[in-house]
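Below is one structure, written out as C-alpha cells; the observations come after it.
The values are calculated or read from the model by the stated rules, or taken from the named source; none is laboratory data. Keep in mind it's a predicted model, so treat the numbers as computed, not measured. Methodologically, a virtual Cβ is constructed for each residue, glycine included, from the backbone with ideal geometry; neighbour enumeration extends over all protein chains shown.
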Amino acid sequence: MARAPVVAGQFYNGTREGLIREIEACFAGRLGPGRLPHALPGEKPPEASGGRVIGLVCPHAGYVYSGSAAAWAYAALAEDGIPDTAVILGPNHHGLGPPAALSPDDEWATPLGTLSADTDIAEAILSLSKYCEPDEPAHVREHSIEVQLPFLQYLAGDVVRIVPISIAHLSADDALALADDLGNAIAEAVRGKSAVIVASSDFTHYESKAAASTKDSLAIERILALDAKGLIEVVYSRNITMCGVIGTSVMLEACRGLGATSARKLTYYTSGDVTGDTDQVVGYGALAIDR
C-alpha cells in the first residue's frame, strides 16, 4: 500500500524535472546555504563523518517560503552522511487520528519516486510506546511529513527508508508525557542503527516579524540547550505558535537518549524575508542535533 502525494503541485512542484529545479534553487538561493549538497564539477565531495547528526528541525511550508531553510537542514545531513532511516515527526494539522499516529503505508510517493517504510523500526516503536498507534487517516491530508521527502530523495534517491509519525495538538501536560514516552521509544528503536530523527515544524505564525523573531528566539534557545521539557513550557506559556513543538520535543528526548551533546542553529528567517511583508509573517528555522 503506497501513500500518494497530496500537496504536489501546491507546496512544491508537481513534476519531477520542475521539482528538482525547485530543490536546487532552495539550496543555491539567497536564503539557502548557497551551494548544492553534492560536489560541483571539479570539487571534491565533503568527507562524511557519518552519524554525527542525529536530529533535525526542518520547516514544512511551501518551498517558495521555507524551502531555503529546509535546504540548510538537509545540507547538514548530506555533509554528515546519509543515514539508512529517517524517523519523521510531523504535526497533525487536521486533527484526525490518535495522539501519535504511525503511518501503516508500505511506501510514500512523490514526483521523485517512492520511499519505503522501515517496518522493523516502526514495529519497535509501536511496541515500546503506549501512545503511538498505526493509523492511516491522520496522514491522508497532512503535508508536514510529505514535504520533507523530496529533499531526502534528492540527496539519496530511494535508499533512505522512512518512519512517518503524525502528532496531534495536545495540552501541555499530555505533550510532556508523550514527549517522554515516544522520545524514549524512538531512541530504543533506532539504537545502534543508522538513523536521523526529523522534527517537521514551522515557528511563529502570523505575527509581525519583530514579534515572531523575539518569540522564536526563546524556543530556539531551548532547542539549542537540548531541553525538551523547557521547549514545551516556553512555547505554551508564551503562546508561541510553533506547530511542531511536540514533535520537536520528542526528537530532543530521543536524541538525548542517543547521546546528543550539542545543537546548532543553521538558519532562521521569516516569510517576510521572502515576500517583503513584515506585518504578518511565519518563522522558519533549521537546526541540527549532534552527538
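Just a few scattered comments:
- Scanning region 129-152 for residues that are among the small types (Gly, Ala, Ser) and either more than 19 Å from Gly183 (Cα to Cα) or buried (at least 24 other Cβ atoms within 10 Å of the Cβ) (or both) turns up Ala138, Ser144.
- Matching entry among Thr85, Thr114 (being of a type in the set (S, T, N, Q), at pLDDT 95 or above and surrounded by fewer than 20 Cβ atoms within 10 Å (Cβ to Cβ)): Thr114
- Residue count, region 22-37 (criterion: under 20 Å from Gly272 (Cα atoms), touching a residue at least 12 places away in the same chain (Cβ under 8 Å) and either assigned to a loop (DSSP other than H, G, I, E, B) or basic (Lys, Arg) (or both)): 5
- Subset of region 10-19 [part of a loop (DSSP other than H, G, I, E, B) and in contact with a Gly (Cβ under 9 Å, 6 or more places away or on another chain)]: Gln10, Phe11, Thr15
- Within region 155-170, the residues that satisfy the criterion of being surrounded by 23 or more Cβ atoms within 10 Å (Cβ to Cβ), under 25 Å from Leu19 (Cβ atoms) and not polar (S, T, N, Q) are Ile162, Val163, Pro164, Ile165.
- Qualifying residues in region 171-211 (those that are among the aliphatic types (A, V, I, L, M) and more than 17 Å from Ile125 (Cβ to Cβ)) - the one surrounded by the most Cβ atoms within 10 Å (Cβ to Cβ): Ala175
- When residues in region 58-69 are screened for being closer than 19 Å to Ala195 by Cα and either aromatic (Phe, Trp, Tyr) or out of contact with any helix residue (DSSP H, G or I) (no Cβ under 6 Å at 6 or more places or on another chain) (or both), 0 of them pass.
- Within region 156-188, the set of residues being under 20 Å from Val245 (Cβ atoms) and charged (D, E, K, R) comprises Asp173, Asp174, Asp180, Asp181.
- Taking the listed residues Gly55, Gly62, Gly67, the one that is within 25 Å of Ala189 (Cα to Cα) and among the small types (Gly, Ala, Ser) is Gly55, with no other qualifying.
- Where helices (runs of 4 or more DSSP H) fall wholly inside region 214-291, no range has 2 or more residues that are surrounded by fewer than 19 Cβ atoms within 10 Å (Cβ to Cβ), at pLDDT 95 or above and on the phi > 0 side of the Ramachandran plot.
- Residue in region 119-134 that is among the acidic types (Asp, Glu) and either in contact (Cβ under 8 Å) with a residue 60 or more places away in the chain or within 28 Å of Thr15 (Cα to Cα) (or both) present: no
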